[in-house]
Amino acid sequence: MANGGLVDGVLRAGSRAWRRIAPSSLRGLAGPLMAGVAQRRVFMALAQAQPDPIPGPLIVSGFLSETRGLSQAARLTLAGLRSAGFAPIEHDLRVLLAAGPGHKARLPAEPPGGVWISHVNAPEVLQALGYLDPSSWLDRYRIGYWVYELQRVPDSWVRVSRAFHEIWTPSQFVADALLAAGVRVPVRVMPHPVALAGLKAVPDRAAFKIPPNDFTVLAMGDLTSSAARKNIVGAIAIYKRAFPEPGRQRLVLKVQATDPHPSMQAEIEKAAGGRPDISWRSESFSIEDTLKLIASCDVLLSPHRSEGYGLPLAEAFLLGVPALATGWSGNMDFMGGIPELLIRHDPVVVQDPYGIYRMPGQTWAEPDVADAAKKLRALAGSSELRIKLAAQGRAGVEAQAAFWSRAELEKTALGRLVK
């Protein structure tokens, strides 16, 4: 049996045997072992002579049925491609990864060649490659769409990048992080085509129990992306500095995935200090309800320590809501010319008590609470200012749609390899 067949056999037999004999409480322990074997399969396949990609279908893979930002970004890529006249084939990777290794899974288009865009980050896409039959992807032009939030991606990502012909990223910040780490395949900035998604949302304060006339500030964060990076507690400090006493203002905190961070509720309650004008919600919202919540507020506040792009900020601008955000990282591509909405900051060494970011020696931004509070008060005092700045932000986001025009996409591999 050839080495590739041996690895396939180990994957299939190991997966079947472990499911048959192991109690459910222990099955997760086999994950790292199976993942390691799957990864070996990927790099063994890449060590063979690589066929030149030929024209064929366009496939986009991602966690397409989920609600987190990475999933919404993948759906935006599909919308951008369709707006340009392409007909991408959707492929939900969650189904593939749930099936496990050793099942000879294939991409959903049998015709060979073409372009495969995998819209998940390096760790997940390496797992997906290992679970797929190599003959399903070796002859396709492979594009990885990746996002990261520090100034240098992990070394493991550099190794995975060798499985791709090029990498797309949503911002110059992420592109620089890839190049700084040593990625050698071409890196192309492709901002999320938010303006092409046709975002619509009717404000409905009653649905979210927001008083109709209160100046309402919204802060959001998916805690699986690091509570420290999203800095929800920092948003509370800024709001309280801007409005020391309860009045006709309100802060709404929308957080997701509190289960992995049970201490977060205690931190939020301690920071809020019993203020009745500060409330928080942790239930899972649909994309439609999330957009409705943004549209129902007056300002989106994002004192983030780093963003790969800043998708909620772009969505807020398109919904007519100004976003007050830290003036650093991915959001600067569309916010750089609006100083009234940029929070001053200082570089600090990354410290993430939640363990999402563990690379020593890296820095991110620590937003200036006083500067943010001053700018938040200015926004509270003038609806005209809010309208003007939201329009400037909208123009910045809409300008990024040019990256997804048919003419621009024809200059990429899609122009010569998609039929």
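FYI, it's all coordinate maths here, none of it is from the lab. This one's a predicted model, so the numbers in the text were calculated from it and none came from an experiment. Note that each Cβ is placed from the backbone with ideal geometry, even for glycine, and that neighbours are counted across all protein chains shown.
Which helices count as membrane-span-like in the chain under these terms: full DSSP H, at least 20 Å along the axis by C-alpha, Kyte-Doolittle mean of -1.0 or more? Helices passing the filter in the chain: 3-21, 31-46, 69-83, 383-399.
Give LYS200/LYS419; LYS240/LYS375; LYS200/LYS411; LYS200/LYS254; LYS209/LYS292 a once-over and call out the pairs whose C-alpha atoms are over 21 Å from each other.
Numbers: LYS200/LYS419 32 Å; LYS240/LYS375 13 Å; LYS200/LYS411 31 Å; LYS200/LYS254 19 Å; LYS209/LYS292 13 Å.
Check vs 21 Å cut-off fails for LYS200/LYS419; LYS200/LYS411.
Full extension of the chain between ARG106 and ARG159 yields a length gain of 16.8 nm, computed as 0.36 nm times the residue separation minus the alpha carbon distance.
Please go through region 38-140 and write out the trypsin sites (Lys or Arg not before Pro) that DSSP classes as loop and that have at most 13 other C-beta atoms within 10 Å.
Values: sites: ARG40, ARG41, ARG68, ARG75, ARG82, ARG94, LYS104, ARG106, ARG140; in loops: ARG68, LYS104, ARG106, ARG140.
Hits after loop and neighbour filter: LYS104, ARG106.
A protection proxy built from the mean count of other Cβ atoms within 10 Å ranks the segments 110-120, 277-287, most packed first, as 110-120, 277-287. Springs between Cα atoms under 10 Å define the GNM used for the chain, and in it the highest mean-square fluctuation of MET335, MET264, MET220 occurs at MET264. Please state the shape class of region 149-290: rounded when a/c is under 1.5, otherwise prolate if a/b exceeds b/c and oblate if not, all from the C-alpha gyration tensor. In terms of gyration-tensor shape, prolate. With the cut-off at 1.5 for a/c, could you classify the chain from its C-alpha gyration tensor as rounded, prolate or oblate? In terms of gyration-tensor shape, prolate.
Could you give the alpha-carbon Rg of region 205-398 over 2.2 N^0.38 Å, rounded to two decimals? The partial results should precede the final answer.
On the way: Rg = 15.5 Å, N = 194, 2.2 N^0.38 = 16.3 Å.
Relative to the 2.2 N^0.38 Å estimate, region 205-398 comes out at 0.95.
In summary, the convex hull built on the alpha carbon positions of region 77-186 has an orientation-averaged projected area of 7.1 nm².
Residues of region 62-104 with an amide N closer than 20 Å to a point placed 7 Å from the Cα of SER135 along the Cα-to-Cβ direction: 101-104.
Counting pairs of alpha carbon atoms under 8 Å apart in space and at least six apart in sequence, what relative contact order in percent does the chain give? Don't skip to the end; give the middle numbers.
Numbers: 801 pairs, mean separation 67.2, N = 419.
Rounded, it is 16 percent for the chain.
Label region 317-419 by shape, choosing from rounded, prolate and oblate, from the square roots a ≥ b ≥ c of the eigenvalues of the Cα gyration tensor; if a/c is under 1.5 it is rounded, and otherwise prolate applies when a/b is larger than b/c, oblate when it is not. In terms of gyration-tensor shape, oblate.
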